[in-house]
Amino acid sequence: MEHNTANHSKFPWTQVVGFILSIALTFLAIWFGLYAGLAYNVMVPLVFVLAFIQAAIQLFMFMHVTEGEGKWQVGKMISATVIVLIIVLGTIWVMTSMH
């Protein structure tokens, strides 16, 4: 039985890079939240953007969603996320407009 090792390196570079980027983005978000002195309406979207980038890094570098059936899983995950956001944001909208 032949093993194809051309696609697999011995050292997991993608995991190391993903780990370093995740830690850097976490520290950056903490710094923006605690020490940057930004206005609230600037800081919150910035932290959400950093969190989205960090989630994408973790999906692609650690969960291997681009391999094989992973592309379908990404589509399912995006659909589920949109549905959950519609439910949560719709609920918040209804609750705030009740009074």
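Please say if region 13-98 is rounded, prolate or oblate, where rounded means a/c under 1.5 for a ≥ b ≥ c the square roots of the C-alpha gyration tensor eigenvalues, and otherwise the choice is prolate for a/b larger than b/c and oblate otherwise? Oblate shape, in that a/c is at least 1.5 and b/c is the bigger or equal ratio.
Among the protein heavy atoms of region 13-98, carbon and sulfur supply 79% of the accessible surface, probe 1.4 Å, non-protein parts ignored.
Distance between the pseudo-spin-label points of A51 and M63 (7 Å out from Cα toward the beta carbon): 1.6 nm.
When the residues K10, K76 are ordered by accessible surface, computed with a 1.4 Å probe over the protein chains alone, the sequence from largest down reads K10, K76. With R₀ set to 35 Å, the beta-carbon distance separating Y40 from F11 gives a calculated FRET efficiency near 0.25.
Annotation for T91 and I23: the two label points, set 7 Å from Cα along the Cα-Cβ direction, are 3.6 nm apart.
The values are calculated or read from the model by the stated rules, or taken from the named source; none is laboratory data. Keep in mind that what you see is a predicted model, and the values were worked out from it rather than measured. Note: ideal-geometry Cβ built from the backbone for every residue, glycine included; neighbour counts use all protein chains shown. Just so you know, the surface numbers come from the protein's heavy atoms only, side chains and all, with ligands and any DNA or RNA stripped out. Shrake-Rupley method; radii C 1.70, N 1.55, O 1.52, S 1.80 Å.
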